[in-house]
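**Q** This is the structure I want to talk about, given as structure tokens.
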């Protein structure tokens, strides 16, 4: 397999992923080792003295940033580190690697990116700088870029897994109800149907994973505002997701909701993340949603994942399910993929 190495600016790094979310994953090289470590584990290859100084602390601080939209603080990655001298073949198999390269041969700080260098799937990010002071400033200025880079690499791996192993039932049901395609984990075995609404769930007592899709006519641009989104979500969830107790229903914890514009499969999407609560009951957890316009059918489609796991950490559950949101395809996109194939 060819290894693609790119040198790019900090502004371009965030655009490298989700460009192929249609599921055309890389073909595995049968002669390459399989990468090790769990999702969202990362190793930093760095001189141990530098690691303890401000330059290294800046990188450590970036990698331990809290994941947004969770009820408890959880850092973005499990961080490991090693010196270049101890970076042996065992450690080279780890799926996410950052190499710190500070030498006076460089004129400015920059990123270098490579995939599947020692194992597959694997992402290697090298951060080059002429000195520690510039390294520290560069990392501090690109904290979110670094975190997004590896987060998206992990989500792309999950998307490739979903392409091969997803719920055929949910895919078929979403296709028949919404004329869309989406991939969700096969563990989501329970479901409920409403008016222009579909909910699939693992229906587990803990680590419960849920997927929701609903649609409504597109009327104006106010659709893509925080206030409109929360109002629409609350109205839909109140009708379709009741609690176990009489009169209980799902509602949005409005104080926690963060929204932003993102690009999904080359088109605008409105991302929202925050916490949900069960009104009238003691339940809650995190959610993430994408709202997009299906222009061919003049409608708005929202896909959402939410988690209920009161006794466990939620970062990996949320991120694993969040990858499903990026697999949503409208009819026009499905036709385009068929033509390209």
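**Q** Suppose we keep just the DSSP beta bridges with both residues in segment 95-172; what percent of those would be antiparallel, to 5? Kindly include the intermediate steps, with their values, before the conclusion.
**A** On the way: 6 of 13 bridges.
Around 45 percent antiparallel, to the nearest 5.
**Q** For segment 35-163, what proportion of DSSP beta bridges, expressed in % and rounded to the nearest 5, is antiparallel?
**A** 30
**Q** Please give, to one decimal in nm, the separation of the simple spin-label points placed at residue 221 and residue 238, each 7 Å out from Cα toward the Cβ.
**A** Reported label-point gap for residue 221 and residue 238 is 2.9 nm.
**Q** I would also like to ask the following. Grab the Cα-Cα distance for residue 255 and residue 80, subtract it from 0.36 nm times how many residues apart they are, and report the gain in nm with one decimal.
**A** 59.6 nm
**Q** What percent does the relative contact order of segment 166-340 come to when contacts are Cα pairs within less than 8 Å and at least six residues apart?
**A** For segment 166-340, the relative contact order is 22 percent.
**Q** Arranged by the count of other C-beta atoms within 10 angstrom, fewest first, what order do 215, 235, 289 take? Spell out each step's value before the answer.
**A** Details: 215 21, 235 11, 289 24.
Fewest to most other Cβ atoms nearby, the residues stand as 235, 215, 289.
**Q** I've got another one for you. Using helices alone, what [θ] at 222 nm do you get for the chain, with -39,500 (n - 2.57) per DSSP H run of 4 or more residues, divided over all residues and rounded to the nearest 500?
**A** -8500 deg cm²/dmol
**Q** Hey, another quick one. Take the Cα coordinates of the chain, assign each an equal point scatterer, and use the Debye formula without solvent to give log10 I(q)/I(0) at q = 0.10, 0.14 Å⁻¹.
**A** -0.65, -1.17
**Q** Treating the angle as unsigned and between 0 and 90°, give the value, to the nearest 10°, between the Cα long axis of helix 168-178 and the longest Cα principal axis of the chain.
**A** Roughly 60 degrees, rounded to the nearest 10.
**Q** How big is Rg to Rh over segment 121-276, alpha-carbon atoms, Rh as the Kirkwood inverse-mean-distance radius?
**A** 1.04
**Q** Still on this model: Enter the angle in degrees (range 0 to 90, nearest 10) between the Cα long axis of helix 143-164 and the first principal axis of the Cα atoms of the chain, meaning the one along which they spread out most.
**A** Tilt of helix 143-164: around 60 degrees.
**Q** For the chain, take the longest principal axis of its alpha carbons; what is the angle in degrees between that and the long axis of helix 226-240, to the nearest 10 within 0 to 90?
**A** Taking Cα atoms only, the helix is inclined about 50 degrees.
**Q** On alpha-carbon atoms, Rg over Rh for segment 153-240 using Kirkwood Rh? Let's see the in-between values first.
**A** Values: Rg = 14.7 Å, Rh = 14.6 Å.
My calculation of the ratio gives 1.00.
**Q** So for 82, 327, fewest C-beta neighbours within 10 Å to most, what's the order?
**A** Exposure proxy ranking, most exposed first: 82, 327.
**Q** Find the centroid of the Cα atoms in segment 44-115 and in segment 215-241, then give the distance between the two in whole Å.
**A** Cα centroid of segment 44-115 versus Cα centroid of segment 215-241: 40 Å apart.
**Q** Related question: Test of understanding: express the Cα radius of gyration of segment 36-106 as a ratio to 2.2 N^0.38 Å, with N the residue count.
**A** That ratio works out to 1.21.
**Q** Give me the Å³ per residue figure for the convex hull around the C-alpha atoms of segment 245-341.
**A** Expressed per residue, the convex hull around the Cα atoms of segment 245-341 is 135 Å³.
**Q** To continue, here is another question. May I have the pair-distance distribution P(r) for segment 35-163, computed from all Cα-Cα distances with 10 Å bins from 0 and rounded to whole percent?
**A** Values per bin, smallest distances first: 12, 45, 34, 8, 1.
**Q** Going by how many other beta carbons lie within 10 Å of each one, how would you line up 155, 65, 89, 250, fewest first?
**A** Lowest count first: 89, 65, 155, 250.
**Q** Please report, for the Cα atoms of segment 83-158, the Rg to one decimal and the Dmax as a whole number; what are they, in angstrom?
**A** Using the Cα atoms of segment 83-158, the pair Rg, Dmax is 13.2, 39 Å.
A short reminder: the numbers here are calculations on the coordinates, not readings from a lab. Given the structure is predicted, the values throughout are model-derived calculations rather than measurements. Reconstructed Cβ throughout: ideal geometry from the backbone, glycine too, with neighbour counts over all protein chains shown.
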